[in-house]
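The structure's right below; bear with me while I get my questions together.
Values quoted throughout were computed directly from the atomic coordinates according to the rules given, and no laboratory measurement underlies them. These numbers were taken from a predicted model, which means no experiment stands behind them. Every residue, glycine as well, gets a Cβ built from its backbone with ideal geometry; the counts of neighbours run over all protein chains shown.
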Amino acid sequence: MLFNSLTFVVFFALVLGVYWSLRDWNARKNLLLAASYIFYGAWNPPFALLLFATTALDFYLGSRIAKAQQPHARRIWLIASVTSNLSMLGFFKYGNFLLQNFQWLLARAGVAYRPPHLDIFLPIGISFYTFHSLSYTLDVYRRVCQPTRSLRDFTLAVSFFPQLVAGPIVRAADFLPQLIAPPRLRPGQLGWGLLLMTLGLFEKVVLADTLLASSANTIFGYGGVVQTLDAWTGVVGFAGQIFFDFAGYSTCAIGAALCLGFHLKDNFRFPYAAVGFSDFWRRWHISLSTFLRDFLYIPLGGNRSGPVRAAINLMIVMFIGGLWHGAAWTFVVWGLIHGVLLVIERILQSVFKGATWTSSWGAKLLLGLATYVAVCFGWVFFRATDFATAARLIGAMVDTRHRGDALLTTREILQVGLVTAGLLLAHWKLRDTSVPAAVARLPRWLVGAVWTLMLCAIILAQGTGNAFIYFQF
């Protein structure tokens, strides 16, 4: 069930109406749990059983971790949770990828081996709900979170439908406390939630799908060499598309949760106004970057064991981050590119430590532009289906003497250029604030007018109902 579908609009309206009409808190939670499984099961009902199995196992293992007195026993139960979660994720998401690479290794050794192709259908959102569930046992082990006695509450925390299939990655330690007492709607909360949902759909349907996706798909789907201008248009078009697509989903999720009385943390903070790559990851997919920081980078030692070990830890984290996005070496390279950029940034920070010019407005603008350009080069590997496509595009981007094919019309180039300029301007204008703070400064009539325009644009766009990009992860 897609947010950008009439089916979801009807579904959400029914759930919202019944939810606030119920007086009993347990009845409300039961409704949300049933609605979440209907929402997920609408794609493929059998995978709802997999979702529940993952949840029930971590609920049990979390209780065992909490009850264990000896550190060794606690570690054993935690290892059981991590192993079971990652094994399930590995089988469904990386099974064929691992077999193909195993075949390649044997071929290099002169062994002819034809592995069977596993006819595996990837459960939608498995990377997200696996981390939702795993965060519980990890936080119980770290004593950040007390184990819950309610399987129903934990199951709802993992499967809560607004954030179930494409994030944000919501930790049980953040969500479970919100299930203790029934929420109360503050004045304007419902309206604000609906406004956020409208904004998210506008980003997805109008900006990502209607204005940017076609140009990006044309360039990345072409098998030949393209002109430099077309290459850059396709790449920056995808940079805008993936932001509006993913941030649009997160905004919808936060808005839908707010309508139901729950609060989810921001997943984006104007990332294309980042000054440096550590700043970028503090602003992009925040729920994933903080998850990897807290549960991988810090346990590996973080930056506590010197610069060399910190660099190695960063590369490990970004390798895992790239692989988390997809079972392909292009994603791994994308992650490693960001790892290398983060390491280089740390070296430069140590060299220019204390330099006053780095804090000037002009320097920040130039560094921000350099960050954006480097991020765009990284997106080439993220979007390209193979290294040959990535190499052709990067060659066209860096060599203006390329005599490639002209694929995009003047209208498409101007369209992508104007949307990208508006995106960058908005991010730089708002980089030190938030959407709620920015909206609060506007007169109500203007907010109402913009809201109306967004609704009209969504209706007129007549979107194709494209799935959100991060559904595949």
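Under 1.5 on a/c is rounded, so check that first for the stretch 129-279, then, if it is not, pick prolate when a/b is larger than b/c and oblate when it is not; a ≥ b ≥ c are the square roots of the alpha carbon gyration tensor eigenvalues. Walk me through the intermediate numbers first.
Numbers: a/c = 2.74, a/b = 1.89, b/c = 1.45.
Since a/c reaches 1.5 and a/b is larger than b/c, the shape of the stretch 129-279 is classed as prolate.
Now, a different point. In whole angstrom, how far apart do the alpha carbon centroids of the stretch 59-76 and the stretch 313-391 sit?
The stretch 59-76 and the stretch 313-391 have Cα centres separated by 38 Å.
Return the FRET efficiency for the residue pair Arg411, Asn217: r is the Cβ-Cβ distance, R0 is 22 Å, and the value is rounded to the nearest 0.05. Please list the in-between numbers first.
Values: r = 16 Å, r/R0 = 0.73.
It comes to 0.85.
Determine the calculated [θ] at 222 nm for the chain from helices alone, applying -39500 (n - 2.57) to every DSSP H run no shorter than 4 residues and normalising by the residue count; nearest 500 deg cm²/dmol. Mind showing how you got there, number by number?
Values: 19 runs with 309 residues, N = 473.
-21500 deg cm²/dmol, from helical runs alone.
Sticking with this one: Dipole magnitude of the stretch 233-359 about its Cα centre, charges +1 at Lys/Arg Cβ and -1 at Asp/Glu Cβ only, in debye to the nearest 20? Mind showing how you got there, number by number?
On the way: 9 positive and 5 negative charges, 74 e Å.
Roughly 360 debye, rounded to the nearest 20.
May I ask which residue of Gln100, Gly110, Val351 lies farthest towards the positive end of the charge dipole of the chain, with charges of +1 (Lys, Arg) and -1 (Asp, Glu) on Cβ and the Cα centre as origin?
Val351
Right, next: Quick check: Cα centre of the stretch 1-39 to Cα centre of the stretch 249-263, how many Å?
That distance is 13 Å.
Test of understanding: ordering Met318, Met397 by Cβ neighbours within 10 Å, fewest first, what list do you get?
Working: Met318 26, Met397 20.
By the 10 Å Cβ count, ascending, the order reads Met397, Met318.
With +1 on the Cβ of every Lys and Arg and -1 on the Cβ of every Asp and Glu, and nothing else charged, how large is the dipole of the chain about its Cα centre, in debye rounded to the nearest 20? All intermediate terms of the calculation are to be shown ahead of the outcome.
Details: 37 positive and 19 negative charges, 269 e Å.
Roughly 1300 debye, rounded to the nearest 20.
Put a dot 7 Å past each Cα toward the Cβ at Asp386 and Ala438; how far apart are the dots in nm?
4.1
Exposure proxy check: Cys456, Cys145 ranked by fewest other beta carbons within 10 Å?
Cys456, Cys145
How far apart, in nm, are two points set 7 Å out from the Cα along the Cα-to-Cβ line at Phe102 and at Ala370?
My value for the distance between the label points is 4.5 nm.
Next question, about the same structure. For the stretch 91-173, with the dipole built from +1 on Lys and Arg beta-carbon atoms and -1 on Asp and Glu ones, taken about the Cα centre, which of Phe121, Leu134, Ala166 lies farthest toward the positive end?
Leu134
Highest first, please rank the peptides 51-57, 355-361, 299-305 by the mean number of other Cβ atoms sitting within 10 Å of their residues. Before the final figure, lay out each step's value.
Working: 51-57: 18.3, 355-361: 9.6, 299-305: 13.0.
So the peptides 51-57, 355-361, 299-305, ranked by packing, come out 51-57, 299-305, 355-361.
Going down the list Lys29/Lys265; Lys265/Lys364; Lys204/Lys265, which pairs span over 24 Å between their C-alpha atoms? Walk me through the numbers on the way to the answer.
On the way: Lys29/Lys265 21 Å; Lys265/Lys364 27 Å; Lys204/Lys265 20 Å.
From Lys29/Lys265; Lys265/Lys364; Lys204/Lys265, over 24 Å: Lys265/Lys364.
Rounding to the nearest 20 debye, state how big the charge dipole of the stretch 352-441 is about its Cα centre with +1 on each Lys and Arg Cβ and -1 on each Asp and Glu Cβ.
Values: 10 positive and 5 negative charges, 53 e Å.
Computed about the Cα centre, the dipole is about 260 debye.
From the residues Pro443, Leu367, Leu453, which one has its Cα farthest along the dipole of the stretch 324-473 in the positive direction, the dipole being from +1 and -1 charges on Cβ of Lys/Arg and Asp/Glu about the Cα centre?
Pro443
Which FRET efficiency value, to the nearest 0.05, is calculated for Val398 and Leu22 with the Förster distance at 60 angstrom and r the Cβ-Cβ distance? All intermediate terms of the calculation are to be shown ahead of the outcome.
Working: r = 60 Å, r/R0 = 1.00.
Computed FRET efficiency for Val398 and Leu22 comes out at 0.50.
What does the C-alpha gyration tensor say about the overall shape of the stretch 189-472? Classify as rounded when a/c is under 1.5, otherwise prolate if a/b is larger than b/c, or oblate. Could the numbers behind the result be given before it?
Working: a/c = 1.56, a/b = 1.12, b/c = 1.39.
Taking the square roots of the gyration eigenvalues as a ≥ b ≥ c, the stretch 189-472 is oblate.
Moving on. Modelling each spin label as a point 7 Å along the Cα-to-Cβ direction, I'd like the Val351/Asn303 distance in nm, to one decimal.
In this crude label model, Val351 to Asn303 measures out at 1.7 nm.
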